[in-house]
Amino acid sequence: MIVGLISVDGYTNVWTALDRGGRLALFKTDLNFETRGSVWAYLLSTNFTTLYQFSMSQSALQRYISLPTFEKAKHALWIQICLCQVILMVQFTIGATIFATYEKCDPLTAGFVEKIDQIFPYYVQEKASLFPGFNGIFIAGVFAAGLSTTSTLLNTISGTIYTDFLATKFKNASQKSVRNLLKLLVAVVGAAGIGLMFVIEKMGTIFSITHQCFTLSTVGVFGLFINGILFRTTNSKGAKFGVIVSMAIVGILIIGGLNKQPDPLLPLRTDGCDFSNTISNFSELSRSNSTGVNANETTHWIFRINFQFFAFIGLFINILVSYTVSWFTGGNTVKDQKLLATFIRKNIPQDTPLLNNN
């Protein structure tokens, strides 16, 4: 970020370039479910995904529960929110700096890179290398961060599978057998992840892939939390049906949307490029972009819904199905009021904490 800002002579030039390129349209208010990045997408859907990541995901809950008091859990959440905002600002600044650097010659349009996700490493290689070997350190850092997160997730998933599905079947197994079984589960889950790479490469950019994966988790887990803390009559049968139906429908939307043309990019310039060696790639890209609209017209409208609205659609279906099935199957009676949201509890003070402060 610092090297990039220096190379474009400061943040003022970056802001000016963003303004010239039409990147400062921060509020798109049209309510169109096919439009990406609108205010409605953030209000109706993206906020739920963010809330799930911070407060209901397994990794978040594990860390909160490991703390000794409820107050420290809240402090940890505030620290995480502040640090994430700093990281987001760094990411936005890097993206803006890259745009300002390539304002007159977009590498993707010019054919210098094949995918938009390759622009960042291309930028580091061409513009932001501080010294010989810096590019290697950069790539090593990316892989180290990725492998660190992946190893943690693989161990967590294998442990969860064993605890929830296999532990009761191997009650008399020795510790050595359990360790070997966990290692086998890690290998199987890792192999499945490698196989999914062939599917992921067809799902668009890294941002859209990540968002859609979190959406599936949000629809299921967040839906369970909402039904549990806000609706007294929801029972286990309704909750199970709600999770299954909502995740299945969102999964169908994701899979059905794979044939949809990628979201259109904002205008990009190439008047500062040298097309002496890339004119054929540029012409081919122009032809593919010109046929994208016609290809989208053949896609059913329901699969043209932008992925940023999937969380809202899935949560609505989850709540509706859960409540309806629960109503037809006898409903439910909540015995422990602390399982409900504070504003709908009965018989206990609203400020009673959920965790023991002792």
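Results, tabulated for the structure shown:
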quantity: Percentage relative contact order, the chain, counting C-alpha pairs under 8 Å, at least six apart; calculated: 29 percent
quantity: Cysteines (scope the chain) whose Cβ has no counterpart Cys Cβ under 4.7 Å; calculated: Cys82, Cys84, Cys213
quantity: Segment 96-206 - percent relative contact order, Cα under 8 Å, separation 6 or more; calculated: 24 percent
quantity: Candidate residues Ile79, Ile116: accessible-area rank, largest first, probe 1.4 Å; calculated: Ile79, Ile116
quantity: Solvent exposure, largest accessible area first (probe 1.4 Å, DNA, RNA and ligands not counted), of Thr16, Thr29; calculated: Thr29, Thr16
quantity: Per principal axis, descending, Cα span of segment 159-233 in whole Å; calculated: 43, 42, 13
quantity: Dipole magnitude of the chain, debye to nearest 20 (Cβ charges: Lys/Arg +1, Asp/Glu -1, about Cα centre); calculated: 1700 debye
quantity: Extended-chain gain in nm, criterion 0.36 nm per residue less alpha-carbon gap, Tyr64 and Leu83; calculated: 5.2 nm
quantity: Point-to-point label distance, Leu268-Met1, nm (Cα→Cβ direction, 7 Å offset); calculated: 2.4 nm
quantity: Full-extension gain in nm, Phe303 to Thr168, via 0.36 nm per residue minus C-alpha separation; calculated: 44.4 nm
quantity: Segments 45-58, 325-338 sorted - mean Cβ within 10 Å per residue, highest first; calculated: 45-58, 325-338
quantity: Cα long-axis angle, helix 11-20 against the chain (0 to 90 degrees, to the nearest 10); calculated: 80 degrees
quantity: Asp117 accessible area, assembled protein chains, probe 1.4 Å, Å²; calculated: 60 Å²
quantity: Stretch gain in nm, segment Asn47-Ile116, where the contour uses 0.36 nm per residue and the Cα spacing is subtracted; calculated: 22.3 nm
quantity: Principal-axis tilt of helix 236-256 within the chain, Cα atoms, nearest 10 degrees; calculated: 10 degrees
quantity: Stokes-Einstein diffusion coefficient of the chain, Kirkwood radius over Cα pairs, 37 °C, 0.692 mPa s, in µm²/s; calculated: 136 µm²/s
quantity: Solvent-accessible ranking of Arg23, Arg345, largest area first, probe 1.4 Å; calculated: Arg23, Arg345
quantity: Projected label distance in nm at Lys127 and Phe316, using a 7 Å step from Cα toward the beta-carbon; calculated: 4.1 nm
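The values are calculated or read from the model by the stated rules, or taken from the named source; none is laboratory data. Remember, it's a predicted structure, so these values are computed and weren't measured experimentally. As a convention, Cβ positions derive from the backbone with ideal geometry for all residues, glycine included, and neighbour counts pool all protein chains shown. Surface accessibility is based on the protein's heavy atoms, side chains included, excluding ligands, DNA and RNA. Shrake-Rupley method; radii C 1.70, N 1.55, O 1.52, S 1.80 Å.
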